[in-house]
Amino acid sequence: MFSHERVWAAIDAIAARHKMTPSGLARRAGLDPTTFNKSKRLAGDGRPRWPSTESIAKVMQATGTSVEEFTGFVTGGAASGVGKSRTVPALGVPLLGFAEAGGGGFFDDAGFPAGQGWDEIALPSPSAGEPVYALEVSGESMMPLYRDGDVIIVSPSAAVRRGDRVVVRTRAGEVMAKVLQRRTARTIDLASLNPAYPDRQFRVDEIEWIARILWASQ
């Protein structure tokens, strides 16, 4: 059935299939990045807002999604056969803008999501039982690896080794994405992803948590 909820679920599923956030999908389709935001799906009085047929057509063209595939996402069925693809199992994970991550109340002491203010993104299911969350990149400090609008998937529980790309939060509230270059009993050395930005060194007691970046969507 083509209900309001299922049509929006189809758009989220297409975004997840291509490892994008809804805002990333809107950008890919040449639309305003806020077009598919959850806040745009209901009017101020609570009435449902439907995506326009023009927006859906642009999404399908930008992602190579066929009418049959889109219909399959809407109905919740798996499209199969010649020229069709099977729907990708998706999992809702917490999403936060990188610029907001330095604020208090978003993480617990171990780097897991906490408190209010998190959005949600549908992603292809990660490793079974592995807790992950998503951070949306803003600015150019992580280029050329991660661009503005990319989403990085982070695991607070994954083992971190030298050479891993990591997200680090200091006790002063600074959050950054770096490469773990060296870790001793006293210091942690972090290499910058962007050569235009300096490498950093911290005392161990200055770091609140380190979480490994698993992958990124573009």
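The values are calculated or read from the model by the stated rules, or taken from the named source; none is laboratory data. Treat the numbers as computed from the prediction; the structure is a model and nothing was measured. FYI the Cβ positions are ideal-geometry reconstructions off the backbone, even for glycines, and counts take in every protein chain you see. Areas reflect the complete protein model, heavy atoms only, side chains present, ligands, DNA and RNA absent. Shrake-Rupley method; radii C 1.70, N 1.55, O 1.52, S 1.80 Å.
Things to note:
- Helix-only [θ]222 nm of the chain, DSSP H runs n ≥ 4, -39500 (n - 2.57) each, per residue, nearest 500: -5500 deg cm²/dmol
- Heavy atoms of SER52 accessible to a 1.4 Å probe, total area in Å² rounded to 10: 50 Å²
- Top of LEU42, LEU193, LEU31 by mean-square fluctuation, Gaussian network on the chain, Cα under 10 Å: LEU42
- FRET efficiency estimate (nearest 0.05) - Cβ-Cβ, ASN37 to GLN116, R0 22 angstrom: 0.80
- Using a Förster distance of 35 Å, the FRET efficiency for MET60-GLU100 (Cβ separation, nearest 0.05): 0.65
- Think of a 1.4 Å ball rolled over the protein heavy atoms: the chain then has 52 Å² of accessible area per residue.
- Segment 1-53 and segment 153-171: distance between their alpha carbon centers, rounded to Å: 31 Å
- The label-point distance for GLU5 and ARG161, in a model that sets each label 7 Å from Cα toward Cβ, rounds to 4.4 nm.
- Note on segment 1-77: percent of Cα-Cα distances in each 5 Å bin, starting at 0 and stopping at the bin with the largest distance, equals 3, 17, 30, 28, 17, 5, 1.
- Using the Karplus relation 6.51 cos²θ - 1.76 cosθ + 1.60 with θ = phi - 60°, the per-residue 3J(HN,Hα) values for segment 195-200 come to x, 6, 10, x, 5, 10 Hz, with x marking Gly and Pro.
- The chain: radius of gyration over Cα atoms, expressed as a fraction of 2.2 N^0.38 Å: 1.12
- Using alpha-carbon coordinates, inclination of helix 4-17 to the longest axis of the chain, degrees: 50 degrees
- A crude spin-label estimate for the pair ARG183 and ALA196, with each label 7 Å from Cα along the Cβ direction, gives 3.0 nm.
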